[in-house]
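What follows draws every value from the coordinates through simple rules; no lab data is involved. Bear in mind the structure is a predicted one, so any value in this text is a computation, not a measurement.
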Amino acid sequence: MNSEECAKSHAKPVVTLTGTAEKCAIGPPLGLVDIGNSENAYLFRVALPGVRHKCNIKCDIQREGRVRIEGVVTESEVLKNSPKGYEMKVQQLSPPGPFTISFNLPGPVDPRLCSPHFRADGILEVIVLKYRIPLASAEGLPENWYNGSFLAAP
C-alpha cells in the first residue's frame, strides 16, 4: 500500500448531521462515527448520547453503502417528572429532540445481512456484510469464451 492509499484508508468519513445532532457543540458529541473494515464486512459505531432506548432509533442501510440513522434524544426522567423547575445553566449533553446522521460506508453492502447492537453506553454498533457479486464458473466453456470468438457446439 503506497502512502496515498494509506492516507485514503484512514480518511475520516463525511458525516451529515441535522436536528439535535447539528446543534450539539458541547459535551459528548452526538453522531461521532467510527468505521472498521474487514475482508467480508464493515463495522460502524455511532455515538448517541442521550438516546435511552433502541426503539428511539431507525437505521436505514442502502446497498451502495449509504447509512441514515434517525432518532430522538429524550429528556431526562428526573427533569421531566420533577415538581420543581430546573433551569440548566450548563448544557453538557445533547438537547432533547429529533436528529439524523448520514454517512457512506467505503463500499457496497448487503443491507439484509447486518447485525445491529445498541449498547448501554449509548453507542450503536452495526456489522454489515459487504456485497459480493457472485462469480460465474468458467468450467466447461471453450478457451476463448471471454472474447466471443468461440463457435457454438453442433
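Report the extension gain between ALA120 and GLU70 in nm, rounded to one decimal, defined as 0.36 nm multiplied by the number of residues separating them, less their alpha carbon distance.
Numbers: separation 50, 0.36 × 50 = 18.00 nm, distance 1.82 nm.
Taking ALA120 through GLU70 to full extension adds about 16.2 nm, to one decimal.
Under a 5 Å amide H to amide H cut-off, with H placed in plane at 1.01 Å, what residues pair with LEU105 once short-range neighbours are removed?
Under 5 Å from the amide H of LEU105 lie the amide H atoms of ARG66, VAL67, each far enough along the sequence or on another chain.
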